[in-house]
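Chemist: Pasting in a structure now, in structure tokens, and then I'll have a few things to ask.
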Amino acid sequence: MSSASVAITGLGSVSPLGMDTPAMWQAICAGQSGIGPIRSFDPVGFDCKIAGQVGDYKIRDFVPKKYRKATKLMCRDIEFAVIAAKEAFASAGHTTKGTDDGDITINPVRTAVEMGAGLISCDLEEMAPAVAASLTDGKFDIRKWGHEGLPQVTPLWLLKYLPNMLACHVGIIHDLQGPSNTITCAEVSGHLAIAEAAEMIIRGDSDMAVAGAGESKLNPVVMARQSLLQRCSVRNDSPEQACRPFDADACGAVFGEAAAAVLLEKVEDAKSRQAKIFAELVGIGQSTSLDPRYKHLEPDGKAVTIAVERALDDAEITPDELDLIIPHGTGVAQDDLAEAKGIQAALGSAVKDIPVLPTKSMLSNTGAACGAIDVVVAAMAMSENKIPAAINFEKHPAGCELNINTREVDAEIRYALCCGYTPGGQTAAIVLKNPTV
Amino acid sequence: MKINEKPQRVVVTGIGLVCPLGNDVQTTWQGLLAGKSGVDKMTIFDASTFPTTFCAEVKDYDFRPLLKNPQLHEHGNRGTGFAVGATVEACRQAGIEVETDNPADGIDRRRLGIYLGAGEGSANDDAFFNAIGQAWDDENRQMDWKKWAQVSFERMRAMHEMEQEANMPAGHIALLTGARGPARSCLTACAASNQAVGEAARLIRAGKADVIISGGTHSMIHPLGITGFNRLTALSNRNDSPQTASRPFSASRDGFVIGEGSAIVILESLDSAQKRGAKILAEIIGYGSSSDAFRITDMHEQGRGAVQAIRSALADAGITARDIDYISTHGTSTPENDSIETLAVKTVFGEYAKKVALSSPKSMFGHLIGATGAAELITCVMAIRDSIVPGTMNLNDPDPALDLDYVPNAARKMKVDVAMNESFGFGGQNDVVIVRRYQQ
């Protein structure tokens with residue numbers, strides 16, 4: 001048995017804390033929260049009226065001139081992925097067909113693209129005139145829809161909302177002709193897209209990959225779904241304190257939108273071009289929670305335990321070599337406790353000394369994007385030798401022993417762990433290594 | 001990441017199908033060989049005024065009699081239901097125990113993974129359309145969000161909403177089988193389940209799991225799905241003759257016929273299969289994935305991505321085009337796909353292109369979207385087993401520009417040692433898997 005790692009040489013993100021990674025990192029270090037009142041629709045009638053939203057931007061500013069027309073086919077999820085991927089290439093110092101002018105530095109047929117995506121709901125106002133034309137006595141009439149409504153839907157409507165379009169647009173813009181995949185595993189999509197892209201490089205199917213995930217939960221249907229599943233914090237009067245992962249006073253999750261992407265390449269390639277290596281990806285672990293109620297992680301977090309154990313085994317390290325954990329930590333008390341138990345079981349007594357940085361208190365639960373965001377945050381922390389302070393944590397509930405990092409720490413991070421889970425059960429864990437170790 | 005020095009060979013030890021031609025492999029296979037059609041008038045919803053009024057539906061299906069605890073899966077979406085049944089069939093063949101806490105089948109649950117190409121469930125149409133309809137003020141072109149929320153919260157159901165997510169079928173299969181190993185779900189449009197099988201085979205080859213329940217499941221036969229495809233003018237409009245509408249490679253092809261279903265393939269390391277004494281149905285020897293990186297709306301004119309995926313799969317298998325006996329095509333019956341797919345095969349196969357047999361099972365069971373790749377892979381496994389390949393039905397007016405051997409209109413007896421399965425997704429994601437008769 002030999003081992004291999006893949007270098008992370010580029011980071012990209014767009015999040016409630018900024019349009020790029022430096023802005024997000026600075027805001028996290030300043031203890032800011034990107035959570036505020038919902039702006040993209042009027043949440044009257046919703047219990048939860050807050051979310052983590054991306055600021056104003058124009059997508060045309062983030063795509064090559066001749067691709068501007070194609071932005072009509074992009075929903076927000078796709079736009080975010082496009083923005084994050086562009087930054088990932090630029091941050092790695094690579095020139096592609098889709099970045100700035102100059103000699104192209106990538107080999108298109110040997111470059112993979114892998115983007116995680118969520119269940120994308122369509123724009124309701126865009127659909128509304130067609131629906132309004134299909135009512136009989138105030139009720140939706142499917143026969144009328146066929147005659148009157150359907151023809152009003154724009155011809156390419158479907159293409160705006162297919163989850164694989166995140167990867168397809170990124171691939172077209174940057175001319176990436178290698179392997180391409182779209183992981184649709186809810187909140188672990190980002191972890192898995194990055195993990196699988198790294199596997200592609202190790203097994204020789206590609207030399208380089210841009211990998212990550214994007215999702216916007218800022219759609220009334222999606223937000224209503226979360227509300228019905230009783231996951232939302234309703235602390236509407238204090239949005240910045242509303243999401244409290246692992247805190248005794250936790251009262252639910254806050255949902256949001258983001259994308260993040262990393263540029264992965266062979267370590268020897270990164271070294272030979274003297275690229276900055278933010279971190280190396282050295283371990284992957286996965287499992288599934290077997291809870292017949294589906295809505296929550298199994299109470300002992302066993303699937304998290306298995307994923308973390310496997311990731312550490314894959315990385316060939318022991319728990320005491322970890323200097324940072326970014327858990328899923330949603331702010332839903334029952335799930336946080338189960339996750340804490342799962343992590344504690346995997347790491348044993350070492351867990352008490354490992355700083356834990358939950359990010360959703362600041363960035364919200366951005367669905368498919370959140371795992372990719374966490375990998376970017378961990379890579380930044382590793383390269384800056386800094387663990388920012390967590391916010392919205394005062395004291396543990398019984399049973400949770402995670403060492404939530406409440407004060408900024410300046411220290412070398414040897415290894416970092418990012419983990420997550422989904423309501424459908426899938427769990428994932430990734431171990432990053434500091435290139436100086 | 002750990003790398004195993006000796007890559008594992010990957011074999012197929014179980015297959016299961018729920019599709020418009022039958023709710024198990026044998027019925028479907030007999031239907032394919034007899035040239036039957038699974039296409040008919042749409043019954044799932046009233047599509048009588050849609051541009052397309054027919055599709056290929058799964059019929060008379062109920063997974064509940066197959067299970068001790070069907071209530072755990074009853075709230076799942078339509079695709080989840082299909083996947084549960086197909087998984088039970090595939091696991092039974094592979095000797096994998098389901099619905100037990102103490103399996104005695106010799107498979108470590110932490111080494112049992114899941115990798116599906118699975119689609120989303122349908123929206124709650126009643127809530128979706130009526131909330132918009134009641135809340136939209138057409139005169140002022142604005143939404144009354146209060147009204148919208150009122151109708152939505154009244155009609156939406158929490159479990160239906162949760163079960164819509166594309167990762168839910170994989171969650172149900174985990175609960176059904178106790179699988180605790182690597183669990184992934186991908187959705188690369190029409191290539192999804194072929195990709196899932198290819199990626200799952202990679203995980204086994206690399207020693208990350210011993211057994212993976214792979215394949216896919218999907219149903220887009222719902223008002224928004226049909227609306228979307230109709231607006232793209234991707235579907236056949238041959239409403240007066242549904243059963244002849246899916247006519248891949250013919251001059252009069254006018255679009256695909258949408259189907260639905262689930263195809264499950266049990267992939268296993270050769271070591272594990274031999275240790276358990278499982279019957280080996282075939283071996284997965286090659287996989288290639290690529291992007292067109294061309295246009296969202298069209299395939300690359302020269303089939304660049306398809307060519308690269310085919311070449312990668314051949315190289316991965318360590319064989320040449322001449323070793324391929326049969327190609328299960330993507331063959332959707334759209335004008336664009338069938339032309340470009342033919343061109344791609346010619347580009348890679350050269351002179352030999354005219355000698356290889358190609359066919360499209362979609363001419364009979366329709367296009368199962370995310371599930372279609374794995375369903376067609378099962379066709380390859382059965383073709384190898386029975387030395388017969390299904391024909392391409394409804395090919396009565398060949399397109400003069402498409403001059404390969406598409407096995408027109410009837411199944412053909414022929415020895416198949418190596419079969420290649422092609423899937424090309426909307427947006428340009430391409431996946432090719434090569435399967436071979438198992439030899440020691």
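Chemist: Under Stokes-Einstein, with the Kirkwood radius over Cα pairs standing in for Rh, what whole-number D in µm²/s applies to region B:238-313 at 4 °C and 1.567 mPa s?
Modeler: On the way: Rh = 16.9 Å.
Here the translational diffusion coefficient equals 77 µm²/s.
Chemist: Taking chain B as a Gaussian network, Cα atoms linked when under 10 Å apart, which of B:Pro223, B:Pro169, B:Pro400 shows the biggest mean-square fluctuation?
Modeler: Highest fluctuation of the listed residues: B:Pro400.
Chemist: For region B:1-78, what are Rg and Dmax over the alpha carbons, in angstrom?
Modeler: In Å, with Rg to one decimal and Dmax whole: 18.8, 60.
Chemist: Return the average number of partner chain Cβ atoms within 10 angstrom of each residue Cβ along peptide B:48-61.
Modeler: Details: counts 3, 11, 6, 3, 1, 1, 0, 0, 0, 0, 0, 0, 0, 0.
Counting Cβ atoms of other protein chains within 10 Å of each residue's Cβ and averaging gives 2.
Chemist: What residues from region B:88-123 fall in the zone where the backbone N is under 16 Å from a label point 7 Å along the Cα-to-C-beta line of B:Asn69?
Modeler: Residues passing the 16 Å test: B:88, B:97-104.
Chemist: Right, next: As a test of understanding, state the convex hull volume per residue of region A:186-343 from its alpha carbons, in Å³.
Modeler: So the per-residue hull volume is 153 Å³.
Chemist: Could you check the simple spin-label distance between A:Asp410 and B:Thr320, using points 7 Å along Cα→Cβ, in nm with one decimal?
Modeler: 6.5 nm
Chemist: Can you pull a Stokes-Einstein diffusion coefficient for chain B at 10 °C (1.306 mPa s), Rh from Kirkwood over Cα pairs, as a whole number of µm²/s?
Modeler: My calculation gives 73 µm²/s for D.
Chemist: Moving to a separate point now. Please give the average number of partner chain Cβ atoms lying within 10 Å of the Cβ of each residue in A:154-163, rounded to a whole number.
Modeler: If you average over the peptide's residues, the count of other-chain Cβ atoms is 6.
Chemist: What distance in nm separates the two pseudo spin-label positions at B:Asp144 and A:Asp313, each 7 Å out from Cα along the beta-carbon direction?
Modeler: Those two pseudo-labels are separated by 6.0 nm.
Chemist: Then there is this: Any idea what the relative contact order of region B:1-87 is, in percent, if you count C-alpha pairs under 8 Å spaced at least 6 apart?
Modeler: Numbers: 78 pairs, mean separation 24.9, N = 87.
In percent, rounded to a whole number, it is 29.
Chemist: Arrange B:Leu203, A:Leu166, B:Leu67 by Cβ neighbour counts within 10 Å, fewest through most, would you?
Modeler: In increasing order of surrounding Cβ atoms, one gets B:Leu67, B:Leu203, A:Leu166.
Chemist: Against the empirical 2.2 N^0.38 Å scaling, what ratio does the C-alpha Rg of chain A come to?
Modeler: 0.95
Chemist: Anything over 29 Å Cα to Cα? Flag those among A:Lys217/A:Lys271; A:Lys139/B:Lys146; B:Lys362/B:Lys415, in the order listed.
Modeler: Table pairs above 29 Å Cα-Cα are A:Lys217/A:Lys271.
Chemist: Over all directions, what mean area does the Cα convex hull of region B:39-158 project, stated in square nanometres?
Modeler: On the way: hull surface 47.1 nm².
With the hull built on Cα positions only, its mean projection is 11.8 nm².
Chemist: Starting from the exponent 0.38 and prefactor 2.2 Å, build the expected Rg for region A:1-53 from its residue count and divide its actual Cα Rg by it.
Modeler: Values: Rg = 17.3 Å, N = 53, 2.2 N^0.38 = 9.9 Å.
Taking the Cα Rg and dividing by 2.2 N^0.38 Å, one obtains 1.74.
Chemist: Roughly how crowded by other chains is peptide B:130-141, in terms of the mean Cβ count from those chains within 10 Å of each of its Cβ atoms?
Modeler: Whole-number average of other-chain Cβ neighbours for B:130-141 is 6.
Chemist: Now for a different question. Which of A:Lys295, B:Lys415 comes first, and how do the rest follow, when ranked by fewest Cβ neighbours within 10 Å?
Modeler: B:Lys415, A:Lys295
Chemist: Suppose R0 equals 25 Å. What FRET efficiency, 1/(1 + (r/R0)^6) with r the Cβ-Cβ distance, do A:Asp61 and A:Gln274 give to the nearest 0.05?
Modeler: 0.25
Chemist: Here is a follow-up. Could you calculate the contour length gain from A:Lys144 to A:Ala398, that is, 0.36 nm times the residue separation minus the distance between their Cα atoms, to one decimal place in nm? Don't jump to the answer; show the numbers that get you there.
Modeler: Working: separation 254, 0.36 × 254 = 91.44 nm, distance 5.72 nm.
Residue separation times 0.36 nm, minus the Cα-Cα distance, leaves 85.7 nm.
Chemist: For chain A, what relative contact order do you get, as a whole percent, if you take Cα pairs closer than 8 Å and at least 6 residues apart?
Modeler: 22 percent
Chemist: Let me ask you something else. Please report the relative contact order for chain B, taking Cα pairs under 8 Å with a sequence separation of at least 6, and give it as a percent rounded to a whole number.
Modeler: Relative CO of chain B lands at 23 percent.
Chemist: In a Debye calculation with equal point scatterers on the alpha-carbon sites of the protein assembly as shown and no solvent, what is log10 I(q)/I(0) at q = 0.04, 0.05 Å⁻¹?
Modeler: Ignoring solvent entirely, the Cα scatterers give -0.15, -0.24.
Chemist: Sorted by packing (mean other beta-carbon atoms within 10 Å per residue), highest first, where do B:327-334, B:206-213 land? Could the numbers behind the result be given before it?
Modeler: Details: B:327-334: 27.9, B:206-213: 25.8.
The most tightly packed comes first, giving B:327-334, B:206-213.
Chemist: Have a look at A:Ile202, A:Ile373, A:Ile413 and tell me which one the Gaussian network model of chain A (Cα, springs below 10 Å) gives the largest fluctuation.
Modeler: Greatest mean-square fluctuation among the candidates belongs to A:Ile202.
Chemist: In terms of Cα to Cα distance under 20 Å, which lysines are near enough to B:Lys346, apart from those fewer than 8 places away along the same chain?
Modeler: Answer for B:Lys346, where 20 Å is the Cα cut-off: B:Lys354, B:Lys355, listed by chain and number.
Chemist: How far apart, in nanometres, would the label points at B:Gln30 and B:Asp254 be if each is projected 7 angstrom from Cα along the Cα-to-Cβ direction?
Modeler: Between B:Gln30 and B:Asp254, the label points sit 3.4 nm apart.
Chemist: How do A:Glu321, A:Glu408 line up, fewest other C-beta atoms within 10 Å first?
Modeler: Exposure proxy ranking, most exposed first: A:Glu408, A:Glu321.
Chemist: Right, another one. Taking springs between alpha-carbon atoms closer than 10 angstrom, which of A:Pro327, A:Pro292, A:Pro355 fluctuates most in the Gaussian network model of chain A?
Modeler: Top of the fluctuation ranking is A:Pro292.
Chemist: Loop-only trypsin sites (Lys or Arg not before Pro) in region A:216-263, please: DSSP not H, G, I, E or B, and at most 12 other Cβ atoms within 10 Å.
Modeler: Of the trypsin sites (Lys or Arg not before Pro), not one in the loops of region A:216-263 has a Cβ with at most 12 other Cβ atoms within 10 Å.
Read-outs throughout are calculated quantities, based only on the coordinates presented, and are distinct from any laboratory measurement. Since the model is a prediction, treat every value here as computed from it, not as a measurement. Backbone-built Cβ (ideal geometry, glycine too); neighbour counts: all protein chains shown.
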